[in-house]
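The structure appears below as structure tokens.
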Amino acid sequence: MLRYVTTNPGKVREATDYLGSDVAQLDFDYTEIQSPELGPIAARGAREAYRHAGEPVLVDDAGLFVDSLEGFPGPYSSYVEETVGIERVYELAATEEDRRAAFRCTLAYCDGEGFDASPDPVDRDDRTVAAATGPDGDEGDVGLPVKLFEGIVRGRIVEPRGEGGFGYDPIFEHNGKTMAEMSTDEKNGISHRGRALAKFAEWYPERSTA
Ligand code: ITT
Ligand code: NA
């Protein structure tokens, strides 16, 4: 059984909606290292989660990156939401003329085995990691290969609207709707997580039947 490693019920809802019964939550709070990028954080988390669980794991690290704020809150999105809250992030972005932003999601898969190094058409456009040490620069926990799947959606920061979703969804508008105004299916159809899940879902069946 594949474990979706997160403490966030909103992520679980979206992942299970997308992947169905192939996945179950593992409520495990892995160590989040500091990095300006999500990849190394997720990769390190996936190794730790795999060592903890002993079965295939998928770690999900996500964040909101506001263009005019140099990508803030980015990898600190969780901390910023818990401390000042999303309303304050909206207020900060509202002082800027340029309200453009992106949500990013990195999924990191680890099952304790290596990955085929031969060229894989699914991988070509991604920054995937398939080496023991990996270009994620994680020197502290080598020997466990991790594969990364990234998704991004662009939009703009607006005054909070909507009751659905979670986290920053009420202040992130895409095609006229905030993500909190979308159903889970609708959000998965366009979101950073949905895009990362799509890449994973394309790759995973081959691996699990190999
Ligand atoms: P886990 O680490 O246990 O998975 P978390 O909520 O702390 O849970 P992150 O470290 O990835 O997850 O934190 C990302 C932050 O961005 C956090 O404040 C989330 O609420 C928010 N976030 C992540 N995905 C989001 C999404 O799809 N829509 C809105 N906000 C999101
Ligand atoms: Na987290």
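Within the stretch 23-33, does at least one residue satisfy the condition of being in contact (Cβ under 8 Å) with a residue 12 or more places away in the chain and either part of a helix (DSSP H, G or I) or more than 16 Å from ligand 2 (Cβ to nearest atom) (or both)?
For the stretch 23-33, residues in contact (Cβ under 8 Å) with a residue 12 or more places away in the chain and either part of a helix (DSSP H, G or I) or more than 16 Å from ligand 2 (Cβ to nearest atom) (or both): present.
For residues in the stretch 34-44 being assigned to a helix (DSSP H, G or I) and more than 20 Å from A201 (Cβ to Cβ), which is nearest to ligand 1 (Cβ to nearest atom)? So that I can check it myself, show each step before the final result.
Quick first cut of the stretch 34-44, residues assigned to a helix (DSSP H, G or I) only: 38-44.
Narrowing the set further to residues that are more than 20 Å from A201 (Cβ to Cβ) leaves 40-41, 44.
Details: P40: 13, I41: 8, R44: 12 Å.
The extreme case among them is I41.
To keep it simple, each residue is scored yes or no on (1) within 15 Å of the chain's Cα centre (by Cα); (2) loosely packed, with under 15 Cβ neighbours inside 10 Å; (3) modelled with pLDDT of 95 or more.
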{"residue": "T7", "(1), (2), (3)": "yes, yes, yes"}
{"residue": "V12", "(1), (2), (3)": "yes, no, yes"}
{"residue": "S21", "(1), (2), (3)": "no, yes, no"}
{"residue": "F28", "(1), (2), (3)": "no, no, yes"}
{"residue": "P36", "(1), (2), (3)": "yes, yes, no"}
{"residue": "A43", "(1), (2), (3)": "yes, no, yes"}
{"residue": "A46", "(1), (2), (3)": "yes, no, yes"}
{"residue": "Y50", "(1), (2), (3)": "no, no, yes"}
{"residue": "A53", "(1), (2), (3)": "no, no, yes"}
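Hey, does the stretch 104-121 have a residue that's over 21 Å from D29 (Cβ atoms), of a type in the set (S, T, Y) and modelled with pLDDT under 95?
Scanning the stretch 104-121, I find at least one residue that is over 21 Å from D29 (Cβ atoms), of a type in the set (S, T, Y) and modelled with pLDDT under 95, so the answer is yes.
How about the stretch 65-112: which of its residues are under 28 Å from P145 (Cα atoms), surrounded by fewer than 18 Cβ atoms within 10 Å (Cβ to Cβ), without any contact (Cβ under 8 Å) to a residue 60 or more places away in the chain and not aromatic (F, W, Y)?
Scanning the stretch 65-112 gives a single hit, S78.
Answer yes if at least one residue in the stretch 136-146 is in a strand (DSSP E or B), at pLDDT 95 or above and within 22 Å of the chain's Cα centre (by Cα), and no otherwise.
Initial filter on the stretch 136-146 (in a strand (DSSP E or B)): none.
No - not one qualifying residue is present in the stretch 136-146.
Please work out which one of (1) more than 12 Å from ligand 1 (Cβ to nearest atom); (2) closer than 21 Å to G167 by Cα; (3) touching a Ser or Thr at 6+ places or on another chain (Cβ under 9 Å) is the condition D22 fails and give its number.
The one condition D22 does not meet is (2).
Inside the stretch 45-71, can you point out the residues that are assigned to a helix (DSSP H, G or I) and not polar (S, T, N, Q)? Working first, answer last.
Step one: list which residues in the stretch 45-71 are assigned to a helix (DSSP H, G or I), which gives 45-53, 67-69.
Selection gives G45, A46, R47, E48, A49, Y50, R51, H52, A53, D67, L69.
Checking A62 against (1) crowded, with 19+ Cβ neighbours inside 10 Å; (2) more than 23 Å from D185 (Cβ to Cβ); (3) within 16 Å of ligand 2 (Cβ to nearest atom): exactly one of these is not met. Which one?
(2)
The values are calculated or read from the model by the stated rules, or taken from the named source; none is laboratory data. The structure presented is a predicted model; accordingly, all values stated were derived computationally and were not measured. Cβ: placed from backbone, ideal geometry, glycine included. Neighbour counts: every protein chain shown.
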